[in-house]
Amino acid sequence: MSTAFEFIRTYVESTTDIDPALATAREDATEFGLAIPDEMTGQLLSTLTAATNSASSTGAIAVTPAAGVVGLHLLLGLREGTTLTCIDPESEHQRQAKKVFRDAGYAPGRVRFLPSRPLDVMGRLANDSYQLVFGQVSPMDLVAFVDAAWPLLLPGGILVLADSLLDGTLSDHTRKDRETVAAREADEHIRALDGALVARLPLGAGLTLVTRLP
């Protein structure tokens with residue numbers, strides 16, 4: 001990582017006032033050993049959510065063990081009257097996220113929890129309804145996750161894939177391990193989607209944004 005990038009990240013982190021609820025959520029996630037977005041990624045999530053608000057949106061989806069941290073960033077941008085849907089099969093993760101949202105002052109009806117494997121439940125959600133879907137999933141599940149999430153998005157909605165580029169190791173074609181091959185295939189699959197605008201950013205282990213064009 002370049003020195004300039006590190007300087008920028010340090011500056012952003014040192015000049016940002018962190019909400020106490022978010023600070024606590026980060027500490028809890030770290031204790032559980034969960035990967036969480038850094039401050040720059042978190043600010044981007046809030047901005048993207050705010051930018052995709054529309055009268056026809058039912059809200060956003062967070063598929064991640066760190067729903068407390070990710071969810072606070074998304075809720076900051078979500079308009080009133082919409083719902084954040086958190087999907088994770090681990091009840092302990094969801095229990096902690098519920099406490100985070102409660103302590104942050106969000107009413108219980110503002111967030112719903114689906115304690116299921118994402119690919120088992122996403123097919124039951126309404127298509128063309130969500131402004132943003134955030135996914136932090138295994139490289140082995142990326143293609144299936146993209147295919148499940150894509151129809152859920154409204155036109156103009158954004159699919160956010162955390163750590164999808166494996167710190168850039170998928171560019172090393174001597175690497176043939178299953179996760180690297182799966183991430184490489186998922187990246188090719190995403191770039192071939194019809195009606196999609198793709199951006200890949202050096203945030204986290206590589207952040208992929210896929211916008212569904214109107």
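Here are some notes:
- Taken along the Cα-to-beta-carbon direction at a fixed 7 Å, the label points for ARG9 and PHE32 span 2.3 nm.
- For the chain, the solvent-accessible area works out to 49 Å² per residue, with a probe of 1.4 Å and every protein chain left in place.
- Computed 3J(HN,Hα) for the stretch 16-21, one whole-Hz value per residue from the Karplus formula 6.51 cos²θ - 1.76 cosθ + 1.60 where θ = phi - 60°, is 10, 7, 8, 4, x, 5, glycine and proline marked x.
- Per-residue ³J(HN,Hα) for the stretch 93-103, Karplus 6.51 cos²θ - 1.76 cosθ + 1.60, θ = phi - 60°, Hz, x for Gly and Pro: 4, 6, 4, 5, 5, 4, 5, 4, 5, 5, 5
- With all protein chains modelled, accessible area of HIS73 [1.4 Å, Å²]: 10 Å²
- Distance in nm between pseudo-label sites at GLU179 and ALA192 (7 Å out along the Cβ direction from Cα): 2.5 nm
- Within the accessible area of the chain, the carbon and sulfur atoms contribute 54%, probe 1.4 Å, all protein chains present.
- Our summary of shape: the Cα atoms of the stretch 1-133 have principal axis extents of 45, 33, 29 Å, ordered from largest down, in whole angstrom.
- Relative contact order %, the stretch 128-196, counting alpha carbon pairs below 8 Å whose residues are six or more apart: 37 percent
- Computed on the chain, with alpha-carbon pairs under 8 angstrom and 6+ residues apart, the relative contact order is 17 percent.
- Inter-probe distance in nm under a simple model that places probes 7 Å from Cα toward Cβ, at ARG124 and SER2: 4.7 nm
- Comparing PRO202, PRO20, PRO139 in a Gaussian network model of the chain, where Cα atoms under 10 Å apart are tied by springs, the biggest mean-square fluctuation is seen for PRO20.
- Share, in percent, of DSSP beta bridges within the chain that are antiparallel, nearest 5: 35 percent
- Cβ-based charge dipole, the stretch 1-115, positive-most Cα from LEU44, GLY59, VAL12: GLY59
- Length added when fully stretched, THR47-ASP147, from 0.36 nm per residue minus Cα-Cα: 33.6 nm
- Residues whose placed amide H lies under 5 Å from that of ALA196, excluding near-sequence neighbours: LEU213
- Only the Cβ atoms of Lys and Arg (+1) and of Asp and Glu (-1) were treated as charged; on that basis the dipole of the chain about its Cα centre amounts to roughly 560 debye.
- Derived scalar couplings between HN and Hα for the stretch 120-126 equal 7, 10, 5, x, 8, 7, 6 Hz in order, rounded to whole Hz, by the Karplus curve 6.51 cos²θ - 1.76 cosθ + 1.60 (θ = phi - 60°), x for Gly and Pro.
The values are calculated or read from the model by the stated rules, or taken from the named source; none is laboratory data. None of the values given here were measured: they were computed from a predicted structure. Every residue, glycine among them, receives a Cβ derived from its backbone with ideal geometry; neighbour counts consider all protein chains shown. Note: areas computed on protein heavy atoms with side chains; ligands, DNA, RNA excluded. Shrake-Rupley method; radii C 1.70, N 1.55, O 1.52, S 1.80 Å.
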